[in-house]
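I have placed the structure first, in the form of structure tokens, so that the comments after it can refer back to it.
The values are calculated or read from the model by the stated rules, or taken from the named source; none is laboratory data. The model shown is predicted, which means the values in this text are computed figures rather than measured ones. A quick note on method: Cβ atoms are made from the backbone with ideal geometry, for glycine too, and the neighbour counts reach across all protein chains shown. What goes into the accessible areas is simple: the full protein's heavy atoms, side chains included, and nothing from ligands, DNA or RNA. Shrake-Rupley method; radii C 1.70, N 1.55, O 1.52, S 1.80 Å.
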Amino acid sequence: TVKAGKKVEYTFKFKNTGEVPLLINDARSTCGCTVPTYPKEYVKPGKSGEIKVVFDTKGLTGTQAKPVTIVSNTNPRDNMLYIKGIVIGDGNHSQKH
């Protein structure tokens with residue numbers, strides 16, 4: 001739970017449990033309020049990496065669930081991460097995305 005107007009940051013940590021190097025080709029959200037950053041280099045088998053997501057709550061209130069699509073050399077190619085939470089507004093604006 002967070003007050004509207006705050007930027008929330010969360011880091012998703014992962015480990016390559018496969019047998020080949022992992023390459024994340026893209027990480028994207030359907031909303032401009034959710035911005036992911038990800039490793040641009042290969043993550044070798046057995047090694048770990050991080051995907052950081054910043055969620056800007058400006059103008060939002062209520063329950064939020066923002067998807068981030070991870071496109072990589074995995075099977076399936078697309079995987080989803082979610083930022084979920086409750087944004088408490090200031091009473092002046094009420095908008096859900």
Using +1 on the beta carbon of Lys and Arg, -1 on that of Asp and Glu, and nothing else charged, what's the dipole of the chain about the Cα centre, debye to 20? 160
Any GluC sites (Glu not before Pro) in the range 1-45 that lie in a DSSP loop and have at most 12 other Cβ atoms within 10 Å would be GLU19, GLU41
Counting only heavy atoms of the protein chains, get the accessible area per residue of the chain (1.4 Å probe) and round it to a whole Å² value. 67
Taking the Cα centre of the range 1-40 as origin, sum charge times position over the Cβ atoms of Lys and Arg (+1) and Asp and Glu (-1), and report the length of that vector in debye to the nearest 20. 260
Against the 2.2 N^0.38 Å scaling, with N counting residues, where does the chain land? I'd like the Cα-based Rg ratio to two decimal places. 1.23
With a 1.4 angstrom probe the carbon and sulfur portion of accessible area for the chain, in percent, totals 51
